[in-house]
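What follows is a single structure, written as structure tokens, with notes after it.
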Amino acid sequence: MSEEYLHSVTLDKDLCKGCTNCISHCPTEAIRVRDGKAMIISNRCIDCGQCIRTCPSHAKKAVSDPLDMLNKYTFKVALPAPSFYAQFKNVPIDTVLTALKKIGFDDVYEVASAAEIASIATAELLEKVKSPRPMISSSCPAVVRLIQVRFPSLIEHVIKIQTPMEIAARIVKNQIYPDKRGLGVFFISPCPAKVTSVRVPLGNEKSEVDGVIAQKDIYPALRKIIKTIDKPEHLSKASSLGIRWGHSDGESEAVNSKKSISVDGIDHVIRVLEQIESEDFHHIEFIEAMACPGGCVGGTLTVENPFIARSRLKRYSMACENRGIKDSDQLTEFDISWTKEIYSHPVLKLSENMSEAIKMMDEIEKIDAELPGLDCGSCGAPTCHSLAEDIVTGKAQKTDCIFILRDEIKKVAGQMAELERRMPQTRNFDKR
Amino acid sequence: MQLNFSIPGDDMDLAGIASSTLKKKLQQIGVDNSVIKRTVVALYEAEINMVIHGGGGDITINVTPTEIQCELVDHGPGIADVNLAMQEGYSTATDAIREMGFGAGMGLPNIQRNSDHMEIHTVPGEGTTVKIMIKIG
């Protein structure tokens with residue numbers, strides 16, 4: 001329950017102006033501005049990257065592994081996410097993969113191939129397993145963490161299949177290079193939540209991925225190499241089934257359930273999860289839920305505009321329709337189910353004692369009613385209600401609200417004027 | 001802890017506000033997830049009923065460490081035959097409401113299934129009061 005959270009999303013204090021733009025966009029109310037700088041409440045952060053997207057000063061950053069981390073290994077395998085192909089205009093997938101081999105990797109394994117395996121396994125699960133409906137995809141780690149923090153009752157809806165990234169790493173380590181010494185496996189990532197997933201795995205004790213390289217970090221060097229490639233090696237094997245996972249709708253199309261929906265963008269995901277909790281969606285079988293707009297191509301570690309990337313990836317995947325995995329028996333030599341349960345992170349809980357918590361809640365409502373209700377963010381909290389929570393939990397005070405502060409000043413000023421009028425009558429101030 | 005809501009009729013956008021607000025507060029006071037789930041489903045259903053059939057109304061919710069009590073009062077047409085309304089699949093919703101995916105019947109039985117105690121007081125022509133009680137722990 002209390003596993004230590006290590007995050008990819010961090011703050012560059014020097015760049016932060018304390019402008020409060022990020023606080024109102026955070027889906028878990030995990031940011032406060034204190035002493036003129038944003039501060040991330042670590043156990044609430046789900047690494048969705050929403051603050052990175054909204055920060056006008058580019059002070060929110062995602063920390064991934066540096067490229068020189070490759071030097072620690074003697075045999076390096078790159079695992080490019082499907083979204084990576086969409087970063088390059090009119091560059092065949094074979095050329096991108098060949099370029100990865102030229103830049104320092106010894107081999108490549110497409111995460112799109114692993115996504116095909118996950119698609120087939122998900123379809124089987126939908127057919128055979130009678131768990132609560134709708135089943136929710138676990139491929140977006142930010143969504144899984146959102147469920148842990150804000151929608152704990154939906155944990156039993158989450159599909160317990162490893163992500164394509166983990167499946168790919170396991171295929172490389174267990175099947176392709178089982179005895180290779182000095183083997184390092186690197187995911188070429190569109191998103192910070194994947195970085196966190198490698199450090200603090202979901203559904204696993206340990207991730208088999210050794211490092212996560214941001215797509216935007218490797219892009220400039222790779223682009224130069226791509227220009228020099230005349231005859232690319234024939235390396236791409238994945239079919240459209242897996243490549244489509246890089247954009248919204250792709251996964252649900254690959255899973256091919258008639259009663260499925262796909263939702264992208266964290267705010268839309270929250271609305272859908274709310275409705276699942278009210279049982280509005282029990283007639284839906286499968287939900288693809290992506291935190292980023294447009295799906296993984298909208299990740300904050302990508303380079304290309306997400307809408308261009310999505311359209312491009314659709315085009316690229318169509319060219320790879322008639323290949324890939326056909327027989328589910330040939331999938332993997334290992335079980336791709338989760339090996340570890342996930343639990344709720346009740347970080348919103350006010351107190352361990354329920355009577356005490358109810359008392360605190362009453363106090364919060366009382367204070368909230370006194371606050372202006374503008375949710376202006378000037379106090380450093382995202383909403384008036386969250387300021388009321390912070391006050392009751394001892395992290396803030398009423399006068400942090402500039403409107404309350406102004407009223408207090410007015411009161412004190414009035415008292416001073418009143419005091420001044422009450423000057424002793426023994427002196428005549430006019431005849432000084 | 002007491003929460004009060006005034007829900008207008010014929011505005012499906014606002015239907016659900018009480019259950020989603022209550023959900024967050026129950027999480028914050030540490031109520032068990034399975035209890036929260038039942039509460040949300042029962043209250044949401046009752047809320048939707050109040051908007052569709054009752055023309056809106058008032059919701060009062062009281063939470064103590066032992067139970068959650070919800071009272072929904074509307075001044076709508078009332079329920080002519082409560083026993084009939086309690087049957088699975090029975091619905092009087094209009095086509096417009098059904099097109100939004102609501103009004104498939106099952107409302108009242110679903111509330112009963114998810115609550116520990118449920119009471120309906122209804123007077124045709126005057127309105128309906130639905131009381132839902134769910135035990136905590």
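The values are calculated or read from the model by the stated rules, or taken from the named source; none is laboratory data. Keep in mind the model is a prediction, meaning the values are calculated, not measured. Cβ atoms come from the backbone with ideal geometry, glycine included; neighbour counts cover every protein chain shown.
Residues that are more than 17 Å from the chain's Cα centre (by Cα) and not hydrophobic (A, V, I, L, M, F, W, C): does segment A:289-303 have at least one? No, segment A:289-303 contains no residue that is more than 17 Å from the chain's Cα centre (by Cα) and not hydrophobic (A, V, I, L, M, F, W, C). Of the helices (runs of 4 or more DSSP H) contained entirely in segment B:1-104, those carrying at least 3 residues that are under 17 Å from residue A:276 (Cα atoms) and among the aliphatic types (A, V, I, L, M) fall at B:17-28, B:33-52. All conditions but one from (1) within 11 Å of chain A (Cβ to nearest Cβ); (2) farther than 19 Å from residue A:280 by Cα apply to residue B:40; the one that does not is (2).
Every listed requirement among (1) of a type outside the set (Asp, Glu); (2) touching a residue at least 60 places away in the same chain (Cβ under 8 Å); (3) outside the structural domain of residue A:299 (by TED's automatic domain parsing) is met by residue A:72 save one, (3).
Tell me, please, whether a residue that is in a loop (DSSP other than H, G, I, E, B), polar (S, T, N, Q) and either buried (at least 19 other Cβ atoms within 10 Å of the Cβ) or in the same structural domain as residue A:274 (by TED's automatic domain parsing) (or both) can be found in segment A:86-95.
yes
Residue by residue, here is whether (1) polar (S, T, N, Q); (2) out of contact with any strand residue (DSSP E or B) (no Cβ under 7 Å at 6 or more places or on another chain); (3) in a loop (DSSP other than H, G, I, E, B); (4) surrounded by fewer than 23 Cβ atoms within 10 Å (Cβ to Cβ) holds:
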site	(1), (2), (3), (4)
A:251	no, no, no, no
A:262	yes, no, no, yes
A:297	no, yes, no, no
A:309	no, yes, no, no
A:335	no, yes, yes, yes
A:340	no, yes, yes, yes
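Residue-level check: of (1) of a type in the set (Val, Ile, Thr); (2) at pLDDT 95 or above; (3) buried (at least 19 other Cβ atoms within 10 Å of the Cβ), residue A:255 misses just (2). Looking across A:2, A:64, one residue alone is modelled with pLDDT under 95, touching an Asp or Glu at 6+ places or on another chain (Cβ under 8 Å) and assigned to a loop (DSSP other than H, G, I, E, B). It is A:64.
Can you tell me which residue within segment A:182-219, out of those that are basic (Lys, Arg) and not in a loop (DSSP other than H, G, I, E, B), is farthest from residue A:299 (Cα to Cα)?
A:199
Please verify whether residue A:23 is in contact with a helix residue (DSSP H, G or I) (Cβ under 7 Å, 6 or more places away or on another chain), within 30 Å of residue A:343 (Cα to Cα) and β-branched (Val, Ile, Thr), treating the condition exactly as stated. No. How about segment A:16-44: which of its residues are closer than 17 Å to residue A:383 by Cα and part of a loop (DSSP other than H, G, I, E, B)? Hits for segment A:16-44 are A:18, A:19, A:20, A:21, A:22, A:26, A:27, A:28, A:29, A:30, A:41. When each of B:67, B:45 is tested for being in contact with a Lys or Arg (Cβ under 6 Å, 6 or more places away or on another chain) and acidic (Asp, Glu), the lone residue that passes is B:67. Scanning segment A:197-208 for residues that are among the β-branched types (Val, Ile, Thr) and touching a Leu at 6+ places or on another chain (Cβ under 7 Å) yields one hit, A:200.
For residue A:222, are the conditions met, namely being in contact (Cβ under 8 Å) with a residue 12 or more places away in the chain and outside any helix (DSSP H, G or I)? In short, no.
Looking only at residues in segment A:264-273 that are free of Cβ contacts under 8 Å to residues at least 40 places away in the same chain and on the phi < 0 side of the Ramachandran plot, the one that is surrounded by the fewest Cβ atoms within 10 Å (Cβ to Cβ) is A:271. Here the helices (runs of 4 or more DSSP H) wholly within segment A:348-427 that include at least 3 residues being among the acidic types (Asp, Glu) and either free of Cβ contacts under 8 Å to residues at least 12 places away in the same chain or away from chain B (no Cβ under 11 Å) (or both) are A:354-370, A:402-421. Here residue A:35 clears all of (1) among the acidic types (Asp, Glu); (2) at pLDDT below 95; (3) surrounded by 15 or more Cβ atoms within 10 Å (Cβ to Cβ) except the condition numbered (3).
Output yes when any residue across segment A:157-174 is within 14 Å of another protein chain (Cβ to nearest Cβ) and crowded, with 17+ Cβ neighbours inside 10 Å, and no when none is. Yes, segment A:157-174 contains at least one residue that is within 14 Å of another protein chain (Cβ to nearest Cβ) and crowded, with 17+ Cβ neighbours inside 10 Å.
Of the candidates B:47, B:67, the single residue that is within 26 Å of residue B:91 (Cβ to Cβ) and either in contact (Cβ under 8 Å) with a residue 40 or more places away in the chain or within 7 Å of chain A (Cβ to nearest Cβ) (or both) is B:47.
Considering only residues in segment A:138-172 that are over 20 Å from residue A:128 (Cβ atoms), outside any helix (DSSP H, G or I) and modelled with pLDDT of 95 or more, the one that is nearest to the chain's Cα centre (by Cα) turns out to be A:140. Can you name the residue in segment B:1-37 that is farther than 28 Å from residue A:366 by Cβ and crowded, with 17+ Cβ neighbours inside 10 Å and is also nearest to the other protein chains (Cβ to nearest Cβ) among such residues? The extreme case among them is B:37.
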